[in-house]
1. For Met1 and Arg22, calculate 0.36 nm times their separation in residues minus their Cα-Cα distance, and state this gained length in nm to one decimal.
2. Hey, rough spin-label estimate for Glu198 and Cys277, points 7 angstrom out along Cα→Cβ, what's it come to in nanometres?
3. What's the local net charge at Gln132, with K and R +1, D and E -1, over the other residues with C-beta under 15 Å away?
4. Test of understanding: what is the full-extension gain from Ser313 to Ser71, defined as 0.36 nm times their sequence separation minus their Cα-Cα distance?
5. Students sometimes get this wrong: rank Glu168, Glu198 by accessible area, probe 1.4 Å, all chains present, largest first.
6. At a 1.4 Å probe radius, which order do Arg236, Arg98 fall into by accessible area, largest first?
7. Not counting ligands, DNA or RNA, and with a 1.4 Å probe, what is Thr81's accessible surface area in Å² rounded to the nearest 10?
8. Explain nothing, just the number: dipole magnitude of the range 97-229 about its Cα centre with +1 on each Lys and Arg Cβ and -1 on each Asp and Glu Cβ, in debye rounded to the nearest 20.
Amino acid sequence: MSDIGWDIGGVHLKAARAENGRIVDAVQIAAPLRAGLEPLIKAFGQAKARMGPARRHLVTMTAELADTFTSRAEGVERIATLAARELNGAPIWLYAGRAGFVPVAQAGAHIADIASANWHASAALVARRCEQALFIDMGSTTTDIVPVAGGKVIARGYTDAERLTAGELVYTGLVRGFVMATANRAPFDGGWTTLVNENFANMADVHRILGSLPEGADQMGTADGREKTVPASCARLARMIGRDAADANVAIWEKLAAWLAEAQLRAITDGAMQVTCAAQVSRHAPIVGAGIGAGVVAEVARRLGGRFIAFESLLDVVPEARAAASHCAPAAALALLASSIPMPLVQEAATN
């Protein structure tokens, strides 16, 4: 009895397989949509080969925001159609967040509910496990901050626009976050220097220099197309302040990277404080951390005085899939939330 959860993002496809309520595998595959849908089709082929057959597929997405599509509505419908084609052979349900699971044929009637609802899937599972918590999922591009109270998701926002205003969506990630968007100046050589407004380096470079980048987390190409090494990351970071790597030693570049990592951490901490001050969540409520940036979330929890709980510790998951289940939290959550779909409706999903 296997259910597979799918999280279709703008640059990654994530999948998680559950067997009898236990996560047994999860995987993240690069699938940048800026160049079109071919990378996603290829990623589906790779993921299906690894995940194997399923009783049913549960799908969520954020990829509708990709500029491949002229609108989010177009994105939702095209991605839903593609998922239905790629996953043909078992019933397929789209996660519509507050509206629950809906068949692919109803995607057009639930655009606003389906669009970028992956955060809601993870938070809904956390709400089943925790009476009160602040759920923070730091991925490669963004960070979700979701309050849970009374065993329910009590987010003020739902759409990306609403969540950005509420502080529940912070556009910074462990890998793809732009350095130029993380700060506008930084300390160097005893003074302050303005950062160059060019995509010369990203936060993967920062965390690679600091040794805080999990293995396999950076699946995208580098800003300059060169290698993913500490010296190469130092060279890219140096360009952010108009310099060459040879202008300073590695220890100096580590200090600059540490300051930028701190700036990113403060942005997430500020978002968490904004969310908790508006929600019925104690300032000392436990903080459930997920994503490739769970280590950063643990530091946020320490600063806010909340007990840190690893997302994967809330799941029944085989030991070898624990980290992947956290990195693919929405997909893992969907695979486990599938039990809430009444079985008599499965055939309906397969035929609609």
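The values are calculated or read from the model by the stated rules, or taken from the named source; none is laboratory data. Quick caveat, the model's predicted, so the values are computed rather than measured. Note that we place each Cβ from the backbone using ideal geometry, even for glycine, and neighbour counts take in every protein chain shown. What goes into the accessible areas is simple: the full protein's heavy atoms, side chains included, and nothing from ligands, DNA or RNA. Shrake-Rupley method; radii C 1.70, N 1.55, O 1.52, S 1.80 Å.
1. Details: separation 21, 0.36 × 21 = 7.56 nm, distance 1.04 nm.
Stretched fully, the Met1-Arg22 segment lengthens by 6.5 nm.
2. 3.8
3. Working: positive: Arg128, Arg129, Lys152, Arg283, Arg307; negative: Glu131.
Neighbour charge sum, excluding Gln132 itself: +4.
4. Working: separation 242, 0.36 × 242 = 87.12 nm, distance 3.76 nm.
The span from Ser313 to Ser71 would gain 83.4 nm if fully extended.
5. On the way: Glu168 5, Glu198 95 Å².
The most accessible residue leads, giving Glu198, Glu168.
6. Working: Arg236 0, Arg98 140 Å².
Per-residue accessible area, sorted high to low, gives Arg98, Arg236.
7. Answer for Thr81: close to 90 Å² accessible.
8. Details: 11 positive and 14 negative charges, 77 e Å.
So the magnitude is around 360 debye.
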